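To start, the structure itself, in structure tokens.
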Amino acid sequence: MANFFAIADPISDRRETFIKTISSLIAPVPGLVIASCGAEAFQAIWAAHPQASVSYEIDSDGLAIVWGEAIVSGTATRVTAQNLKSYWQNFPQIFDGFHACLTYDPALGIIVSGDLLGIFPIYYYVDQEIVLVASSPELFKYHSRYQAKFNPKGLVGILLTNGLFNGQTLWQGIQRLKAGYCLEIVKHQPKEIQQYQLPSYDDHNPYSNISLEEHIDVLDRLISQTLDYQIQSAENYNLMLSGGLDSRMLAGFMNQQGINPTALTLGNYGDVEMNCAQGVAKYLNLDHTTAPTEVNKYLEYAHLANKWEHLANGANGIAIGWGIVPYLQKLSPKVVTGLCLDVAFSGPLPVANPGEVFSFDLFLKRRVNPWGISPEILHQLLRKEIFGDLVQETIAEIQQVYENYSTDEYTRNICFEYYHRERFHTGSRAWIFSFGATPILPVLDQELLSITALLPIREIDRLAQQQLVITRFPALARLPIDRNSYDTTPLLTDQTADKISRLKKKWYQWQRYWYKFQEKLGHDKRYYYKILDTNNAGWRSIRQEAESGRAITGEIFDLEVLTKILPSANHQLKSHQDSIIESSKVKLLATFLLWAKNNL
């Protein structure tokens, strides 16, 4: 889609010098087209893939720009730069779809808005002379009015939650716009205005007592309707097809609507996920292409992530995001992806065991902080003279934000899941994918988000979604499915005791044994476990390169504690339970050391 930068600066020479400087720097990857527009003291520039959805309009009142697909909620109507101001005449309403919108009026100021979950990144800096708004923090430093200074509070939020918290970045003065908010800047006074928040799951919930069958019917209607709105049948699409539940469901609904996308699966032949995806593609007769895991390019991806994301999204997605762009560039100009749909269709993962009283402390301990560094370790790692009491203060701020979402615990849980963890940990890939193809995210539909947040909490994980696939697409439900484990038993199996059914059950059992045997030989066939292994050659290269950043961080870290968390690259790291979650802190610190080499 677009990496954009917008500037309002009354000094024309300074403004033009800045735009000229960043014009050769703004394209994160090769193959993008650079364009710009301006009116009076305002100018915007962006780099986008050649067939990206971008429009702009300049008139006597200023200008308007739409990057991506902004869709009027409840319709298939696309918002363009030509009609954006009319939609925002009384209040800047929020739109469905993955996008960012901006208007500039010399008399009224600047308004910027993004998608429902704030997945399209929007950063800003405002002082008494200039306004800077961009999709990445990277290029702010090239304006003479902005002096880049490290922001300790931003790092604490990242290390606690594995992503930005409350808009605080690694640079002082640069904020990220909150999810569900627009930014209004009038006379150099920035104000974030709430446009949308998930409804509260409370006693007045009209869906709280519906049956499982009714639940499935609601999901069926929502996903069918959302795809009707977001997908235009005259165009060609790609589908990010894993071997799992979300993309299989989308493939079924797209096929039902007569849309046959090109399927793109990440990983290598022989991976569990690839084997499962091949079955779906073959059954639906889809063209199927792959994006192999290129471990030798991990360091390149890490540098790209550091340069353009500045650890906003943690470090787990390095290989999953930037490495996919070249493959998308070779396919159709739009890609459908099930990012964040798992929360919409099953709710957040439960964190309380039976009999436990749910609380913020429990949520922080079991769902948020395991992906980062524990407060106890952070107190030892971070130098008091630099960070003071920021750990305790940030945790208190996290609790305040969490509790302000609602008086209902489930609503608090799902809001934080969407607006923080899913937004950064999972949804952040959409902006990266956009440099290869315009992302279509069904989760970015206001009715779908609002209603699924109110649907009953089923005790069995993803029960309603599983039953949706079983009842609507039984043939797909009978195919092997990836669960990020060695168990690929289909959702729907024959319950008879005949010989064929018994042989099938034995096959899946022996397949699990075979996969586990290969793992013992050093060949893990689970895609995510394999690419996120900190001991693989790719992550070792990142860890090795990060070594030279240790001394630089000595001013902010206790280096002995750092070494305990992040040993040298030659050290074989071990996990006790879940290697993906436990290694997340290692990836965070290694990537931060790389960032520190170029920025501290």
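Note on exposure: 56, 508 ranked by accessible area (1.4 Å probe, complete protein assembly) read 56, 508, with the most exposed listed first. The solvent-accessible area of residue 34, taken with every protein chain present and a 1.4 Å probe, is close to 80 Å². Using the Stokes-Einstein relation with a Kirkwood hydrodynamic radius computed over Cα pairs, the translational diffusion coefficient of segment 529-600 at 25 °C and a viscosity of 0.890 mPa s comes to 199 µm²/s.
Accessible surface computed residue by residue for the chain, with neighbouring protein chains in place and a 1.4 Å probe, gives 40 Å² per residue. Note on the chain: antiparallel DSSP beta bridges, both residues inside, total approximately 85 percent of the bridges counted. Assuming R0 = 25 Å, can you tell me the calculated FRET efficiency for the pair residue 470 and residue 282, based on Cβ-Cβ distance, to the nearest 0.05? FRET efficiency, residue 470 to residue 282: 0.80. Above 16 Å, the calculated P(r) of segment 198-289 contains 61 percent of its Cα-Cα pairs.
All other residues whose Cβ lies under 15 angstrom from that of residue 371 are scored, Lys and Arg at +1 and Asp and Glu at -1, for a net of +3.
Each Lys and Arg contributes +1 and each Asp and Glu -1, all at the Cβ; summed about the Cα centre of the chain, the dipole is approximately 2000 debye. The helix-only estimate of mean residue ellipticity at 222 nm for the chain, built from DSSP H runs of length n ≥ 4 each weighted as -39500 (n - 2.57), is -11000 deg cm²/dmol after division by the residue total.
Gyration tensor analysis over the Cα atoms of segment 262-363 returns equivalent ellipsoid semi-axes of 30, 22, 13 Å (largest first, whole Å). Residue 91 exposes around 100 Å² of accessible area when a 1.4 Å probe is run over every protein chain in place. Checking the cross-link pairs 297/530; 20/297; 153/307; 153/384; 141/384 against a 23 Å limit on the alpha carbon distance flags 20/297; 141/384 as lying beyond it. The HN-Hα couplings worked out from phi for segment 587-600 by the Karplus form 6.51 cos²θ - 1.76 cosθ + 1.60 (θ = phi - 60°) are 5, 4, 5, 4, 5, 5, 4, 5, 4, 4, 4, 9, 10, 9 Hz, whole numbers, x standing for Gly and Pro. Note on residue 178: aspartates and glutamates with a C-alpha under 13 Å away, same-chain residues under 8 apart excluded, are 115, 192. Computed over neighbours whose Cβ is under 14 Å from that of residue 111, the net charge equals -1, Lys and Arg +1, Asp and Glu -1. Here segment 69-129 is treated as a Stokes sphere of Kirkwood radius computed over C-alpha pairs; at 20 °C and 1.002 mPa s its diffusion coefficient rounds to 171 µm²/s. Taking all protein chains together and rolling a 1.4 Å probe, residue 483 ends up with roughly 100 Å² accessible. If you take the Cα centroid of segment 16-80 and the Cα centroid of segment 147-164, the two points sit 29 Å apart.
Annotation note: trypsin sites (Lys or Arg not before Pro) in segment 159-212 located in DSSP loop regions with a Cβ neighbour count of at most 10 within 10 Å are 187. In loop segments of segment 111-195 as defined by DSSP, there are no chymotrypsin sites (Phe, Trp or Tyr not before Pro) with at most 16 further C-beta atoms inside 10 Å of their C-beta.
Whole-Hz Karplus values for segment 63-71 come out as 7, 9, 9, 10, 9, x, 10, 9, 10 Hz, taken residue by residue from phi with 6.51 cos²θ - 1.76 cosθ + 1.60 and θ = phi - 60°; glycine and proline positions read x.
Volume per residue for the chain equals 154 cubic angstrom (convex hull of Cα atoms). Extension gain for residue 149-residue 208 works out to 16.3 nm (0.36 nm per residue, less the C-alpha to C-alpha distance).
Protection proxy ranking of 553-566, 361-374, by the mean of other Cβ atoms within 10 Å over each peptide's residues and highest first, is 361-374, 553-566. May I ask you to list the residues of segment 245-259 whose amide nitrogen lies under 16 Å from a point 7 Å from Cα along the Cα→beta-carbon direction of residue 483? Backbone N within reach: 245-246. Placing one equal scatterer on every Cα of segment 443-550 and applying the Debye formula, the log10 ratio I(q)/I(0) at q = 0.19, 0.22 Å⁻¹ is -1.05, -1.18. Ranked by solvent-accessible area (1.4 Å probe, protein heavy atoms only, all chains present), the residues 299, 441 order from largest to smallest as 299, 441.
Over all other residues within a Cβ to Cβ distance under 9 Å of residue 85, the charged ones net out to -4, with Lys and Arg as +1 and Asp and Glu as -1. Taking 14 Å as the straight-line reach from the Cα of residue 330, the aspartates and glutamates in range (excluding those fewer than 8 positions away in the same chain) are 287. Under a 5 Å amide H cut-off, with hydrogens placed 1.01 Å from N, residue 266 pairs with 291 among residues at least 5 apart or on other chains.
Beyond 21 Å, how much of the Cα-Cα pair distribution for segment 1-81 remains, as a whole percent? Roughly 35 percent, rounded to a whole number. Take the Cα of residue 386, step 7 Å toward its Cβ, do the same at residue 400, and the gap between the two points is 2.5 nm.
Normalising the average separation of contacting C-alpha pairs (under 8 angstrom, six or more residues apart) by the number of residues puts the relative contact order of the chain at 17 percent. Within the same chain, lysines fewer than 8 places from residue 506 are excluded, and of the rest, those with a Cα less than 21 Å from its Cα are 516, 525.
Normalise the Debye intensity by I(0) for segment 377-510, one equal point scatterer per Cα, no solvent, then take log10 at q = 0.16, 0.18, 0.19 Å⁻¹ and round to two decimals. Reported log10 I(q)/I(0), two decimals: -1.09, -1.18, -1.22.
Along its principal axes, segment 163-202 has C-alpha extents of 38, 28, 9 angstrom, given from the largest down.
The values are calculated or read from the model by the stated rules, or taken from the named source; none is laboratory data. None of the values given here were measured: they were computed from a predicted structure. Cβ atoms come from the backbone with ideal geometry, glycine included; neighbour counts cover every protein chain shown. These accessible areas exclude ligands, DNA and RNA; they are computed on the full protein's heavy atoms, side chains included. Shrake-Rupley method; radii C 1.70, N 1.55, O 1.52, S 1.80 Å.
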